[in-house]
Amino acid sequence: MNISIVIPLLNEEESITELYHWIAKVMQSNGYSYEIIFIDDGSTDSSWSIIEDIALKDKQVKGIQFAQNFGKSQALHAGFAAAKGDVVITMDADLQDNPEEIPDLYTMIINEGYHLVSGWKKKRYDSKIAKNLPSKLFNFAARKTSGLKLHDFNCGLKAYHKDVIKNIEVTGEMHRYIPVLAKNAGFSKIGEKVVLHQARKYGETKFGMERFTRGFLDLITISFLSRFGKRPMHFFGTWGAILLMVGFCFSLYLGIDKLFINPTGRLITERPQFYIALTSMILGTQFFVAGFLGELILKSKKETKNYTIKEQQNI
């Protein structure tokens, strides 16, 4: 199969049918073998009923319904697990992503050898204050932290080689950082393509300003995990060793001073250096324990899914 199109959605009943026909037209005009996977992330409108109706008429359309709203990352995780295409395209269901971009994205993966191609909505139709400015700040921070020179980490329109989506784990709120996860997994050829951004035709955005707060917190998390996720002792052990060394040096100073330099001076427990030494050694020991626990958890970790599938169509 050439292409799997993975579409997570939440309460998009107005746009699903139009999006399906648009994608099908592009796929058929280019002669691709394809599948469309809709992941209903706990919609409370008639989105799932519409997906069921389309799937009954077209076996190339597949549906996954979550028992409740688990988030976009979990929806993508389920879609990636079900995808069978050589190239996997992700896009949003609100008609702001243009299916006409798919052939070029497919060509970049298959013919130009990219592992991942991220869309760049260079010209946006969102609110400049509420979305554009925070998005620019967020993308700037993501570039500096990750080392990836992408302009738009948040763009839902992306293309992946099948090996990428089968070797990364998208959990929590990490869907914004799939290029970073891919880079950390060893997929180094990551590019971007300017794509058309269309004004929202139906409804309103499901993401508020709080997504940028969560995004920055996730950025800190993934920065840490990318460096120390597989070796937590390297981080905790380093700080533990530094603190233990500080505590040992103060203890050695206090001991030499009390025994040889000023035996009749203040009691050791009356000196601030004593408490600095004690605190440093306690904290250093705790850092070492945290590192050991991190290594044990990592070794015993089992893969778990953070979502519950209620129903499936054509999977």
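The values are calculated or read from the model by the stated rules, or taken from the named source; none is laboratory data. Note that the coordinates shown come from a computational prediction; the quantities given were computed from them, not determined experimentally. For the accessible areas, the whole protein counts, side chains as well, though only heavy atoms, and no ligand, DNA or RNA atoms are used. Shrake-Rupley method; radii C 1.70, N 1.55, O 1.52, S 1.80 Å.
Before moving on, here are some points about what is shown:
- Relative to the longest principal axis of the Cα atoms of the chain, the long axis of helix 272-300 lies at roughly 40 degrees.
- For the chain, carbon and sulfur atoms together expose 59% of the accessible surface, with a 1.4 angstrom probe and every protein chain in place.
- Accessible area expressed per residue, the stretch 235-315, with surrounding protein chains retained (probe 1.4 Å, Å²): 73
- Shape box of the stretch 1-85 [Cα atoms, principal axes, largest first, Å]: 36, 25, 17
- Tail weight of P(r) past 17 Å, computed on alpha-carbon pairs of the stretch 226-315, percent: 64
- Residue with peak Gaussian network fluctuation, the chain [Cα springs, cutoff 10 Å], from ILE220, ILE165, ILE261: ILE261
- When all protein chains stay in place and ligands, DNA and RNA are ignored, the 1.4 Å accessible-area order of ILE178, ILE168, largest first, is ILE168, ILE178.
- Choice from ILE110, ILE50, ILE282 showing the highest fluctuation, given a GNM over the chain with Cα pairs closer than 10 Å: ILE282
- Degrees separating the helix 47-57 axis from the principal Cα axis of the chain, which is the longest one: 50
- The stretch 1-111 - accessible surface per residue (Å², probe 1.4 Å): 34
- On the principal axes of its alpha-carbon atoms, the chain has extents of 93, 39, 39 Å, going from largest to smallest.
- GNM on the chain, alpha-carbon springs under 10 angstrom: the most fluctuating residue among GLU13, GLU100, GLU270 is GLU270.
- Probe 1.4 Å - accessible area at PHE287, Å² to nearest ten: 60
- Here ARG200 sits with roughly 60 square angstrom of accessible surface, probe radius 1.4 Å.
- For THR279, solvent-accessible area (1.4 Å; no DNA, RNA or ligand), Å²: 70
- For the chain, DSSP calls about 35 percent of its internal beta bridges antiparallel.
- The chain: angle of helix 72-82 to the longest principal axis, Cα-based, in degrees nearest 10: 60
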